[in-house]
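Take a look at this one; I'll ask things after.
The values are calculated or read from the model by the stated rules, or taken from the named source; none is laboratory data. Note that the coordinates shown come from a computational prediction; the quantities given were computed from them, not determined experimentally. We place every Cβ from the backbone using ideal geometry, glycine too, and count neighbours over all the protein chains shown. Keep in mind that these areas ignore ligands, DNA and RNA; they rest on the heavy atoms of the full protein, side chains included. Shrake-Rupley method; radii C 1.70, N 1.55, O 1.52, S 1.80 Å.
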Amino acid sequence: MTTPNSNPTERTLSRTIIAIALLGAVIGGVGAPLITSAAVDLDMPLEMAQWTLTITLFTGAVTAPVLGRLGAGRHRRTTVLIALGLVALGGLLTAVPAHFAVLIIGRGLQGLGLGVTPLLMSIARDHLSAARAESTIATVSVASTVGIGVAYPLMGFVDEAAGLRIAYGLGFLLSLTAFVLAWLALPSSDSRQRVHIDSAGALLLAVGILGVLMVVAQPSVWQQPWIGALILIVSVAAFAGWAAVERSTTSPLVDLRLFLTGNVLRANIAMLASAVAMYLLFSLFTRYVQTPADSGYGFGLTGAGAGAALIPFSVLGFVAGRATPSLAAMTSARWTFTIHSATVIAGMAVFALSSDSLIFTLIAMSLLGFGVGGVSAIMPRLILDGVPKSETSSVLSINQIVRASGFSFGSALAGLLLATATPADSLVPTEFGYTAAGLVAIPLVALGIAVVAIRRCPASR
């Protein structure tokens, strides 16, 4: 009998899916390390340059459920190719020396790559054997998260060596590579299902997500508190309207009845809490190592140096991702999630106790990477238990929104906590401010563990 590891066709497809996911993660991570360079090169406020990241998160979050719904039908391969083609076009627009508006359009198109990941997982679930599909999906989930640890050093180095547009140009080449790989290797869907897109639901979801991203990722909206409050109210109303439309339409973007079932709901709550905590710590660590040493702490690393410090984060993340299926088989999905979540807390503890040592700070970042990789790898298993194959991409698309929203909120929360820890006569926070901010992650991680542990998941045998 053919074993999962002896089928060359499956092996090639698995590697291709993982490669596309990794390339997509690096492309998605292009924005964050280049925000400051965009502000300097284009002579604009940092707040305006922040939109080069926010617009990507927005388009990714809005299009993810639409792509997920399209991926549930017979046009999944076409959907992936069109999405990756638009991502490549976006990369080209960011690389050309044009007006800031062209850069924003390009970064917006690149956000479509966020919606491709659930489709890749759906392809793996449909076309690979159970064992290889589980391993592939876990690795894809890890790649979509810890790939930022590859993007930071890579883009930081290229930016410092050759400039902003060359760094964006590298993103274009990577996206073009992903498109070619998808064109050559991804199979067509076996489904004959005809898919209808809920346009009203998509519009309401877009309004809701845009509002959340603005109040979280663009702190300037709170300079006039009533403006921030109004945006938040409109966003909540849009989400309520979206939920009502989804429950009444015959072709919803997301089957809310399925989404609200025990495993799916609990896993998404755990993902949100964990994502906020993990990106909070990620933001703290990367900012801490760049703090000038004459501040009394920090190591004064350059952008490229700080990116290089994230290499252990990425390496340990991938190690955890590859080891997670075996660990889950020996224990359970629930305990695997708990073990990796505890590793995140351990990373925070090492940082809090030894932040004056670069070696121990790198160890803390490595522990965080291992925890992030493990949590990301086990999450699809927690979510997909009991979910029909036809709904794989749709359910995972919502999880992608939850994850991206958690990362955005974690990043904004890190900035807010450090701002409150910065004395009026100083440009940098106090050293204790980093420790205090990091401690906020502990109850969030604990919440994720508790939610997963409420009831034993059927898949966690």
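Residues LEU57, LEU67, LEU34: which one is modelled with pLDDT under 80 and under 28 Å from LEU253 (Cα atoms)?
Within the list LEU57, LEU67, LEU34, the selection yields LEU57.
What are the residues in the stretch 422-442 that are of a type in the set (A, V, I, L, M, F, W, C) and in a helix (DSSP H, G or I), if any?
Answer for the stretch 422-442, where residues must be of a type in the set (A, V, I, L, M, F, W, C) and in a helix (DSSP H, G or I): PHE432, ALA436, ALA437, LEU439, ALA441, ILE442.
Listed residues ALA133, ALA162; which is open to solvent by less than 50 Å² (accessible area, probe 1.4 Å), hydrophobic (A, V, I, L, M, F, W, C) and without any contact (Cβ under 8 Å) to a residue 12 or more places away in the chain?
Every option except ALA133 fails the conditions.
Between ALA404, ALA450, ALA419, which is under 23 Å from the mean Cα position of the chain (by Cα), part of a helix (DSSP H, G or I) and surrounded by fewer than 16 Cβ atoms within 10 Å (Cβ to Cβ)?
Answer to the selection: ALA450.
Being of a type outside the set (D, E, K, R) and surrounded by fewer than 24 Cβ atoms within 10 Å (Cβ to Cβ) is the filter here; which residues of the stretch 385-397 pass it?
The answer is GLY386, VAL387, PRO388, SER390.
Report whether or not LEU81 is more than 28 Å from PHE157 (Cα to Cα) and open to solvent by less than 30 Å² (accessible area, probe 1.4 Å).
Yes.
Moving on. Restricting to helices (runs of 4 or more DSSP H) lying wholly in the stretch 117-188: which have 3 or more residues that are closer than 30 Å to THR302 by Cα and at pLDDT below 85?
Once the helices (runs of 4 or more DSSP H) in the stretch 117-188 are filtered for at least 3 residues that are closer than 30 Å to THR302 by Cα and at pLDDT below 85, what remains is 130-146, 148-162.
Let me ask something else about it. Could you grab me the full set of residues in the stretch 329-350 that are of a type in the set (A, V, I, L, M, F, W, C) and touching a Leu at 6+ places or on another chain (Cβ under 8 Å)?
Hits for the stretch 329-350 are ALA333, PHE337, ILE339, VAL344, ALA346, MET348, VAL350.
Which of the residues spanning the stretch 309-360 are outside any helix (DSSP H, G or I) and either open to solvent by 50 Å² or more (accessible area, probe 1.4 Å) or not hydroxyl-bearing (Ser, Thr, Tyr) (or both)?
The answer is ALA309, LEU310, THR331, ASP356.
Among the residues of the stretch 106-116, which ones are more than 18 Å from the chain's Cα centre (by Cα) and either in a loop (DSSP other than H, G, I, E, B) or within 21 Å of ARG403 (Cα to Cα) (or both)?
Those that are more than 18 Å from the chain's Cα centre (by Cα) and either in a loop (DSSP other than H, G, I, E, B) or within 21 Å of ARG403 (Cα to Cα) (or both): none in the stretch 106-116.
Say we look at the stretch 94-105 and pick out the residues that are touching a residue at least 40 places away in the same chain (Cβ under 8 Å) and part of a helix (DSSP H, G or I); which of these is surrounded by the most Cβ atoms within 10 Å (Cβ to Cβ)?
In this case the residue turns out to be THR94.
Okay, residues lined up against (1) β-branched (Val, Ile, Thr); (2) without any contact (Cβ under 8 Å) to a residue 60 or more places away in the chain; (3) part of a helix (DSSP H, G or I):
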| position | (1), (2), (3) |
| --- | --- |
| LEU367 | no, yes, yes |
| GLY373 | no, no, yes |
| SER376 | no, no, yes |
| MET379 | no, no, yes |
| ILE383 | yes, no, yes |
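In the stretch 94-109, which residues are closer than 15 Å to LEU42 by Cα, among the small types (Gly, Ala, Ser) and out of contact with any Phe, Trp or Tyr (no Cβ under 7 Å at 6 or more places or on another chain)?
ALA98, ALA101
Right, something else. Considering only residues that are in a loop (DSSP other than H, G, I, E, B) and among the hydroxyl-bearing types (Ser, Thr, Tyr), look in the stretch 211-264 and name the one that is most open to solvent (accessible area, probe 1.4 Å).
Within the stretch 211-264, the match that is most open to solvent (accessible area, probe 1.4 Å) is THR250.
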